[in-house]
Every structure is written in C-alpha cells, then in structure tokens.
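Below: one structure, written as structure tokens.
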Ligand code: NAD
C-alpha cells in the first residue's frame with residue numbers, strides 16, 4: 001500500500017498563512033466553529049461565528065454602503081475591483097495554498113481557483129465601462145425611448161465548500177462594478193479562505209481610499225455561521241438579490257423564501273452531468289477528458305462528470321482503458337506533486353458515497369474502486385479510490401447527484417435514445433459529447449440536444465471559463481453568473497421615454513383630450 005504522504009503540522013502552517021494574508025488572529029481562536037482540514041482531518045482553528053444581531057448589523061451596514069456606492073461612477077467602481085485583482089495576484093500562491101489546505105484541492109486546482117478570481121476581476125473591470133443600455137425605436141414623433149441600468153442594492157452571496165472563494169468572486173466582482181454592496185455567507189466548512197479573501201479585499205479598499213477613492217465601510221461584508229445565518233440573509237428585507245450556490249436541497253429551501261418576499265434569486269445548485277462517447281470519438285482525447293472531469297477535485301465539482309454513455313462499438317476499447325486509469329491514479333496529499341485525487345471533504349461525503357455504491361450494486365451495477373484508502377495513516381480524513389460503476393441502465397442512484405467520485409457507465413446503441421436518456425434526469429447543469437461526426441455534434445448543441453446550461457463538444461463537462469455565463473436548468477436552479485451578460489441580474493432596468501416635442505401623442509393611438 002502506497003503512502004498518502006500526509007503533511008505534518010498543518011495547523012501551524014494554516015496559522016502562518018492566515019497571518020500572511022492579513023486575517024485578524026482574534027477571529028481564529030475561542031470560537032464555536034471548528035475549522036478543519038480534510039487533508040488530515042485535524043481542527044486547525046476555532047473561528048468566531050457571527051451572532052444573528054451581528055449578522056443583521058452587517059446587512060444594515062451593507063445597505064448604508066450601497067446608498068453611497070451606487071453614486072460612484074461605474075469605471076471608478078471598476079478601479080477598486082482592479083486593485084483587488086492586484087492583491088489576488090500578489091497573494092495567489094498563499095491563497096491557493098490555503099484553498100488546498102481547507103478544501104483539499106490539489107495544488108494546481110487551488111491556484112486555479114484563485115486564477116479564476118483574478119480573471120473575473122479583469123472581466124469586471126472591463127465591464128465597468130460597458131454597462132450598456134439600448135436606445136429603442138419609438139412610435140411617437142419627437143420622442144426618445146431608452147433603457148437604463150441602475151444598481152440594485154445589497155447582494156447576498158451564499159457559497160458552497162467546493163469552490164470556497166471563486167464563487168464569491170464571480171458574484172462580488174460583478175455586483176461591485178454594478179454599484180451594489182455584498183454580504184457573503186460562506187460554507188461553514190470553509191470559513192478560513194473566506195476570512196483571507198475579505199482581508200485581501202480590505203487591503204484593496206485601503207489602497208483605493210488612500211488614492212482618493214470613496215469606498216464606504218461595509219461594502220463587502222462577511223458573516224460567518226451555519227444555515228440559520230444564511231436564512232437570516234435570505235429573509236432580510238434590504239437584500240433584493242441572493243445568489244445561492246449549493247445543493248438542490250438548499251435551493252428548495254431558499255427559492256420559495258425569496259419568492260415569498262419578491263426578492264431575486266440566482267440559484268446555482270446540484271448537477272448530474274453526463275457525456276456521450278460516439279463511434280467516431282477520438283478515444284485518446286476522450287480518455288483524458290473523462291478522467292479529469294470524473295476524478296478531478298475528487299468528484300466534488302458541481303460540473304463533475306457522473307454519467308458516461310458509451311457507444312457499443314467503442315465500449316470494449318474505452319472502458320478497460322478507463323478502468324486502468326482509475327486503478328492507477330495517484331491519491332493522497334493534494335499538495336504533493338503528482339497527486340491527482342485529494343481527500344473527500346468529510347465523513348458525511350464518504351458515507352454518502354458508500355451508500356450510493358451499495359444502491360448501485362442493488363440496481364445491478366458492477367463497481368470498480370470506491371474503497372477507502374490510507375485509513376491507518378489518516379483515521380479522521382477520508383481518501384477514496386474513485387469508483388467506476390458499469391450499470392445496466394439509468395436507474396436508482398444514477399438519477400441523483402452523489403457529491404463524490406462515482407462515474408456510472410452505460411452502454412448505448414441508438415443516438416436519439418441516448419439523447420433522451422441524457423436529458424431524463426432532474427438536473428441540468430453541464431454536458432458533453434465526444435464525436436467527430438458533425439451531425440451528432442450539432443444535434444447535441446441544438447434545441448433537440450442537451451437540455452443543460454452548458455453543452456460541450458470534445459471536452460468534458462467540468463472546468464468552465466469565466467467568460468461564459470455559468471449555470472444550469474431544471475433542479476440546477478436556472479441561475480447564471482460570471483461572464484456574458486450575467487451582470488444584468490445584479491442591476492435593475494428602467495425604461496425611459498422622453499418627449500422633446502410640443503404635443504403629447506399617446507401610445508397605441510389613444511385619444512384623451514381634456
Ligand atoms: P450545501 O447546500 O450543503 O451548502 C451550501 C451553502 O448553503 C452553505 O453556505 C450552507 O450553509 C448554506 N445553506 C444550507 N441550507 C441553507 C438554507 N436553508 N438557507 C440558507 N443557506 C443555507 O452545499 P455544499 O455541500 O456546501 O456544496 C455541494 C453542493 O453544491 C453540491 O450539490 C454541488 O453540486 C453544489 N454546487 C453547485 C454549484 C453551481 O454553480 N451549480 C457550484 C458549486 C457547488
């Protein structure tokens with residue numbers, strides 16, 4: 001049995017990183033929230049949580065900040081985001097390392113998460129000069145009609161453990177250039193990276209204000225706590241928009257509460273992402289695409305590949321090669337060079353995975369892998385060999401998202417039938433087809449093809465770029481964030497009509513002479 005190569009003295013390393021990143025040490029001890037590293041399972045800090053009154057005060061502070069920030073010209077708001085991007089560049093290695101320590105990501109993925117934050121800052125800086133409205137043809141003489149985009153208010157951001165900082169940045173960078181303030185409730189499993197991110201943001205604010213900027217206090221607030229603190233944000237009357245990332249169960253609770261007070265929701269929920277491997281697929285490329293999408297981040301991405309449909313004619317070539325890759329992938333300390341699969345976040349994730357594998361067996365599946373690795377070395381950490389499960393059909397656990405590295409593989413023969421199966425799950429986040437047949441590729445991307453928010457050809461479903469709008473359909477929640485025109489969700493649109501003539505023609509030819 002090969003060693004997991006686990007590091008020693010993680011707590012001391014975390015403390016020194018947090019200090020370097022500017023986090024107030026007073027927040028890290030004597031609190032009720034035990035922050036742990038999934039790498040060894042040890043507790044590395046006792047973070048002070050925000051009591052409900054403190055959380056309410058942060059939201060009130062963000063509302064006051066909004067009233068000042070909304071009047072700052074958008075390109076000047078962009079300058080603050082530009083400075084934040086500089087702070088992230090300067091501390092990319094440290095914050096990326098902290099992401100690895102707190103979320104268990106391999107080094108390149110921890111750094112990649114911070115790179116994504118930098119990229120969205122760059123995007124938002126450009127956007128701060130491009131919050132365009134339209135001029136619209138009007139039916140009335142001597143009139144002009146246009147639309148104007150205005151800041152919306154306090155943007156609530158609820159995030160999940162698996163992208164502990166990038167998801168906040170996708171939302172906050174856009175919200176800030178749009179003229180909003182933000183209040184962030186990070187996952188209770190990843191408070192440390194949140195504290196570090198906000199400390200870097202505060203540095204950017206200090207530089208901005210030292211250069212004559214007018215960023216108000218409380219512009220990007222952080223509230224730490226569990227579900228109850230999240231609920232408080234969801235229910236607060238001064239929060240007109242909540243962007244919530246997490247499980248479908250969370251979205252099911254949050255969505256109706258927001259609808260009940262007519263607040264806006266951006267829901268980014270669970271996925272059950274699939275890929276179809278067609279007869280003409282480049283199998284070398286497919287193998288690499290599938291391996292990363294299914295095993296990367298230890299199966300803990302919302303876009304992780306969970307269902308693989310393989311055409312009968314290539315099944316017996318591709319699947320044995322895939323199984324070999326599953327058997328040989330390096331599992332262990334995510335910060336060691338060469339490791340591709342780090343730990344699961346916690347015991348709950350491990351138990352959920354084992355339950356799904358049992359259910360798959362009961363439904364006729366043949367399981368390869370899925371066993372716990374290195375238990376003797378790390379009793380409180382949960383490393384597993386990714387599981388590949390050959391299934392006779394799409395039933396039982398295949399229809400649900402299990403947030404762990406399980407890939408269900410199903411043989412198919414008919415393209416139209418496999419498209420129908422692909423879409424026959426409740427989730428609709430990301431999808432792929434591997435083919436060199438133009439008709440299959442284009443059909444997959446067409447209205448008759450994938451019903452997901454993301455549909456790819458010859459790359460796996462995971463690893464989206466920030467330039468595109470990110471999100472999915474059905475039980476994935478329908479929200480879009482990050483690139484394209486996602487910014488519109490963070491602003492309110494006003495339609496304006498101006499009469500510069502001396503008569504008053506009414507719309508639709510209505511006569512009303514008094
Ligand atoms: P989770 O649903 O357990 O928690 C997510 C966040 O929601 C946490 O901050 C939690 O405290 C908060 N929360 C939970 N219930 C709440 C409630 N009733 N009111 C207010 N806040 C509440 O999710 P997780 O285990 O941290 O993350 C994994 C899940 O997130 C997976 O389902 C994954 O697919 C999904 N995810 C989706 C996306 C996406 O963009 N679609 C991205 C990342 C993760």
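The values are calculated or read from the model by the stated rules, or taken from the named source; none is laboratory data. All values reported here derive from a predicted model rather than from experimental measurement. Ideal geometry is used to build each Cβ from the backbone, glycine not excepted, and the neighbour counts take in all protein chains shown.
Could you please let me know if residue 10 is over 28 Å from residue 120 (Cβ atoms) and touching a residue at least 24 places away in the same chain (Cβ under 8 Å)?
Criteria met by residue 10.
Can you name every residue in segment 340-364 that is within 23 Å of the chain's Cα centre (by Cα) and part of a loop (DSSP other than H, G, I, E, B)?
340, 342, 343, 345, 346 - these are the residues of segment 340-364 that are within 23 Å of the chain's Cα centre (by Cα) and part of a loop (DSSP other than H, G, I, E, B).
Scan segment 134-153 and tell me whether some residue there is assigned to a loop (DSSP other than H, G, I, E, B) and within 15 Å of the ligand (Cβ to nearest atom). Spell out how you get there, then give the answer.
Of all residues in segment 134-153, those assigned to a loop (DSSP other than H, G, I, E, B) come to 134, 137-142, 152-153.
Still in the list and also within 15 Å of the ligand (Cβ to nearest atom): none.
Scanning segment 134-153 turns up no residue that is assigned to a loop (DSSP other than H, G, I, E, B) and within 15 Å of the ligand (Cβ to nearest atom).
Take segment 443-483 and flag every residue that is touching a strand residue (DSSP E or B) at 6+ places or on another chain (Cβ under 7 Å), free of Cβ contacts under 8 Å to residues at least 24 places away in the same chain and away from the ligand (no atom under 15 Å from the Cβ).
Listed by number, the list holds a single entry, 445.
Any residue at all in segment 486-506 that is within 21 Å of residue 296 (Cα to Cα) and within 17 Å of the chain's Cα centre (by Cα)? Explain how you work it out, then say what you get.
The initial filter retains those residues of segment 486-506 that are within 21 Å of residue 296 (Cα to Cα), namely none.
No, segment 486-506 contains no residue that is within 21 Å of residue 296 (Cα to Cα) and within 17 Å of the chain's Cα centre (by Cα).
Return the residue satisfying two criteria in turn: it lies in segment 229-247 and is out of contact with any strand residue (DSSP E or B) (no Cβ under 7 Å at 6 or more places or on another chain) and either at pLDDT below 95 or near the ligand (Cβ under 7 Å from one of its atoms) (or both), and of such residues it is nearest to residue 61 (Cα to Cα).
Looking at residues that are out of contact with any strand residue (DSSP E or B) (no Cβ under 7 Å at 6 or more places or on another chain) and either at pLDDT below 95 or near the ligand (Cβ under 7 Å from one of its atoms) (or both), I get 231.
Please go through segment 264-295 and pick out each residue that is over 30 Å from residue 490 (Cβ atoms) and either within 14 Å of the ligand (Cβ to nearest atom) or touching a helix residue (DSSP H, G or I) at 6+ places or on another chain (Cβ under 6 Å) (or both). Before you say what the answer is, go through the steps one by one.
Let us first name the residues in segment 264-295 that are over 30 Å from residue 490 (Cβ atoms), namely 274-292, 294-295.
Correct list: 274, 276, 277, 278, 279, 283, 287, 291.
Considering 199, 175, which residue is within 14 Å of residue 219 (Cα to Cα), away from the ligand (no atom under 13 Å from the Cβ) and surrounded by fewer than 24 Cβ atoms within 10 Å (Cβ to Cβ)?
199
Residue 156 is checked against (1) surrounded by fewer than 16 Cβ atoms within 10 Å (Cβ to Cβ); (2) within 16 Å of the ligand (Cβ to nearest atom) and fails just one. What number does that condition carry?
The number of the failed condition is (1).
Any chance segment 431-438 includes a residue that's more than 16 Å from the ligand (Cβ to nearest atom), at pLDDT below 95 and surrounded by 14 or more Cβ atoms within 10 Å (Cβ to Cβ)?
Checked segment 431-438: no residue is more than 16 Å from the ligand (Cβ to nearest atom), at pLDDT below 95 and surrounded by 14 or more Cβ atoms within 10 Å (Cβ to Cβ).
Does at least one position in segment 296-305 carry a residue that is away from the ligand (no atom under 16 Å from the Cβ) and farther than 20 Å from residue 392 by Cα?
No; the residues of segment 296-305 include none that is away from the ligand (no atom under 16 Å from the Cβ) and farther than 20 Å from residue 392 by Cα.
Just one of (1) touching a strand residue (DSSP E or B) at 6+ places or on another chain (Cβ under 7 Å); (2) part of a helix (DSSP H, G or I) trips up residue 126, so point out which.
(1)
Taking into account only those residues within segment 463-514 that are surrounded by 12 or more Cβ atoms within 10 Å (Cβ to Cβ) and at pLDDT below 95, which is nearest to residue 241 (Cα to Cα)?
Result: 464.
Select from segment 198-218 the residues that are in contact with a strand residue (DSSP E or B) (Cβ under 9 Å, 6 or more places away or on another chain) and more than 17 Å from residue 50 (Cα to Cα) and list them in ascending order.
Of everything in segment 198-218, those that are in contact with a strand residue (DSSP E or B) (Cβ under 9 Å, 6 or more places away or on another chain) and more than 17 Å from residue 50 (Cα to Cα) turn out to be 201, 202, 205, 216.
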